[in-house]
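Every number here is computed from the coordinates shown, using simple stated rules; none is lab data. No experiment lies behind these values; they were computed from the predicted model shown. Counting neighbours? That spans all protein chains shown, and the Cβs are built from the backbone with ideal geometry, glycine included.
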Amino acid sequence: MIFRQLFDCASSTYSYLLASRRGGEALIIDPVLERVDRYLQLMTELDLKLVKAVDTHLHADHVTGLGALRDRTHCITVMGEQSGVDVVSMRVAEGDKLEIEGLSLDVLYTPGHTDDSYSFLMGDRVFTGDTLLIRGTGRTDFQNGDPRDQYHSIFDKLLKLPDETLVYPAHDYKGDTVSTIGEERAFNPRLQVKSIDQYVELMSSLNLPNPKMMDVAVPSNMRQGLAQETIARRGWALTAEQAVELVGRPDVAFIDLREKTEREKRGVIPGSLHAPYRDLPTNIRPGGVLHELARLSGKRMLFYCAFGERSAMAVMAAQEAGLASACHIQGGLAAWKKAEGPVDR
Ligand SMILES: [Fe+2]
C-alpha cells in the first residue's frame, strides 16, 4: 500500500494520499488548495491516478483543494450527505464504503465538530478529521457543532474501535503525527470525563477565537464552482423535466455513471445502462462500449449521476472524444426525483 501523510504548515492540516499500488488509483483525504501542485507532482512521481478527493467536513481554517483537483484531474469529489458544498459529486453516509482500486474505507458518521463530520476507517487506521485529534478534540462552537453529538461520535463510535487502531487526524498543532485509539482513551485530556454533561461543560468553556481564515475559507469552501455551469452554457444539458419526457424513447440512451452501491441505495432511471465514471476513459475511446453504442445506434447519449457533476465532466470528455450527441441531466438523479421522474429500485 502507498500511504503518505502530507502537511500544510500554514493551517497545520494533514492530508492523506492512499493507493494500493504504484501505477494504480489514488484517493486523497482533506487536500489543501495551496498544496495541490505538490500533490499532483507526487502523484506523477508515484505514477498514481487520482480518482477521489474527500473532505472529512467543511473546513473553516483553510481552503479545500477539492475544486482544483476536480478541475485538474477530473476526479470524483466526496463529502458526507449533510454537505451543501457545491463541488461535491458523490455524497456518502454511515455504513457506506468509499472505494478505489484495491482499497476500501468504511464510512463513519461522526458529527459534533460540525454536523457534516465524517471519519474513514481503513483496516488498522482511522482518519478522524477534526472529531478526534491527538490529545484533543475538534471545537464544537460553530458550524452547527454540538458537544453532545461529538461525545457520542467519540465514545460510542471511535473509542469502540480496537485499541491498536492508528488515529490519523486532520490537524496537529504540537508536532504529533499519529496516535492510537488506546492511547487517546488513556491520555487525551478531553476524554477524561465521567459523563456526557461533563464533556459538554468542558467544550462549552473553551472560549476559542474564530480561526484566522474562517471568513474566507467557509464561503470559498461552500462554492468551489460547478462543472455543470460550463456544460449548460455549451448547450449540452437537459433539465430533469426535459429528460423525463425522453424515457422510453428508442433514440435516447440513458447512461448511469454512478457506482453500484449508489444505484442500489438510490435506485436507477428505468432502462438506463450502467457505465461507471471510473471506466469512462476506456468506454468513450474508439472500440469502447459507449463510443461504439453511439456510432452504431446513432442514439443520443444522455449521461446522469447523483447531482450532475460527474455527468458534466463525462459530457466534456465524451464531446472531446468525438461523441457529438453526449449531453447530461442537470442536477442528476436528485433533480430527476424532484421532477417526479420514474425510478426503479
Ligand atoms: Fe475543522
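With r defined as the distance between the Cβ atoms of residue 282 and residue 46 and R0 fixed at 22 Å, what FRET efficiency is calculated, to the nearest 0.05?
Efficiency at R0 = 22 Å is approximately 0.50.
Full-extension gain between residue 93 and residue 205, please, as 0.36 nm times their residue separation minus the C-alpha to C-alpha distance.
Going from the current span to full extension adds 37.2 nm.
As a test of the formula, what do you get for the chain when each DSSP H run with n ≥ 4 contributes -39,500 (n - 2.57) and the sum is divided by the residue count, at 222 nm and rounded to the nearest 500 deg cm²/dmol?
It comes out at -7500 deg cm²/dmol, rounded to the nearest 500.
Non-local amide H neighbours of residue 92 (under 5 Å, H modeled in plane, Pro and chain starts lacking H): which ones?
The answer is 79, 80, 81.
What span do the alpha-carbon atoms of segment 156-216 cover on each of the three principal axes, reported in whole Å from largest to smallest?
38, 29, 19
Over segment 149-305, with a single point scatterer placed on each C-alpha, what log10 of the ratio I(q)/I(0) does the Debye formula yield at q = 0.12, 0.13 1/Å?
-0.82, -0.86
As an exercise, find the ratio Rg/Rh for the chain from alpha-carbon atoms, using the Kirkwood inverse-distance average for Rh.
Here the Rg-to-Rh quotient is 1.01.
Exposure proxy check: 59, 74, 152 ranked by fewest other beta carbons within 10 Å?
Sorted ascending by nearby Cβ count, the order is 152, 74, 59.
Quick one: the Cα spread of segment 100-217 along its three principal axes, in angstroms, biggest first?
Cα spread of segment 100-217 along its principal axes, largest to smallest: 42, 37, 27 Å.
Provide Rg over Rh for segment 243-345; use the alpha carbon set for both Rg and the Kirkwood Rh (inverse mean inverse pair distance).
Dividing the radius of gyration by the Kirkwood radius yields 0.93.
Name the residue from 213, 189, 239 whose Cα lies farthest towards the positive end of the charge dipole of segment 151-271, charges +1 on Cβ of Lys and Arg and -1 on Cβ of Asp and Glu.
My answer, from the dipole projection, is 239.
Along segment 194-204, what does the Karplus equation 6.51 cos²θ - 1.76 cosθ + 1.60 (θ = phi - 60°) give for ³J(HN,Hα), rounded to whole Hz, x for Gly and Pro?
The phi angles translate into 8, 7, 5, 5, 5, 5, 4, 4, 4, 5, 7 Hz.
Stretch residue 178-residue 297 to full length: gain in nm at 0.36 nm per residue minus the Cα-Cα span?
37.3 nm
Select from segment 1-82 those trypsin sites (Lys or Arg not before Pro) which occupy a DSSP coil region and have at most 16 other Cβ atoms within 10 Å, ordered by residue number.
21, 22
Based on Cβ point charges of +1 for Lys and Arg and -1 for Asp and Glu, what charge dipole magnitude is obtained for segment 145-269 about its Cα centre, in debye rounded to the nearest 20?
Dipole size: approximately 240 debye.
With angles folded into 0 to 90 degrees, how steeply does helix 309-320 sit against the dominant principal axis of the chain? Use alpha carbons for both and round to 10.
On a 0 to 90 degree scale, this one is about 40.
From the convex hull of the Cα coordinates of segment 19-117, what is the mean projected area in square nanometres?
5.9 nm²
Convert each backbone phi in segment 151-157 into a coupling constant with the Karplus relation 6.51 cos²θ - 1.76 cosθ + 1.60 (shift: θ = phi - 60°), then list the ³J(HN,Hα) values in order as whole Hz, x for Gly and Pro.
For segment 151-157, the Karplus curve yields 4, 5, 4, 7, 6, 8, 10 Hz.
List, in order, the whole-Hz ³J(HN,Hα) value for each residue of segment 28-33 obtained from phi through the Karplus relation with A = 6.51, B = -1.76, C = 1.60 and θ = phi - 60°; use x for Gly and Pro.
Couplings: 10, 10, 6, x, 10, 3 Hz.
Restrict the search to segment 261-345; then list the GluC sites (Glu not before Pro) that DSSP places in a loop and that have at most 15 other Cβ atoms within 10 Å of their Cβ.
Here the sparse-neighbourhood loop sites are 340.
With the Cα gyration tensor of segment 81-122 in hand, convert its eigenvalues to equivalent ellipsoid semi-axes via √(5λ) and list them largest first in whole Å.
Calculated on Cα positions only, the semi-axes equal 19, 14, 7 Å.
Which residues' amide hydrogens lie under 5 Å from the amide hydrogen of residue 180, considering only partners 5 or more residues apart or on another chain, with H built in the peptide plane?
Distant-sequence amide H within range of residue 180: 167.
Which distance in nm do the two modelled labels at residue 345 and residue 244 give, with both placed 7 Å along the Cα-to-Cβ direction?
2.0 nm
Between residue 106 and residue 185, what is the FRET efficiency for a Förster distance of 25 Å, r being their Cβ-Cβ separation, to the nearest 0.05?
According to the calculation, E is roughly 0.80.
Please give the net charge around residue 210, taking every other residue with its beta carbon less than 14 angstrom from that of residue 210, where Lys and Arg add +1 and Asp and Glu add -1.
-1
All other residues with a Cβ under 14 Å from the Cβ of residue 264 taken together, and with Lys, Arg as +1 and Asp, Glu as -1, what is their net charge?
Net charge in that neighbourhood comes out at +1.
Quote the charge dipole size of segment 1-118 about the Cα centre in Debye, to the nearest 20; the model charges only the Cβ of Lys and Arg (+1) and of Asp and Glu (-1).
That gives segment 1-118 a dipole magnitude of about 440 debye.
Please list the non-local residues whose amide H lies under 5 Å from the amide H of residue 328, H modeled 1.01 Å from N, same-chain partners needing a gap of 5 or more.
For residue 328, whose amide H was placed from the backbone, the distant partners under 5 Å are 237, 238, 303.
Assuming 1.002 mPa s and 20 °C, estimate D for segment 1-77 with Stokes-Einstein, Rh taken as the Kirkwood radius over Cα pairs, in µm²/s.
176 µm²/s
State, to one decimal in nm², a quarter of the convex hull surface area for the C-alpha atoms of segment 140-182, i.e. the direction-averaged projected area.
It is 3.7 nm².
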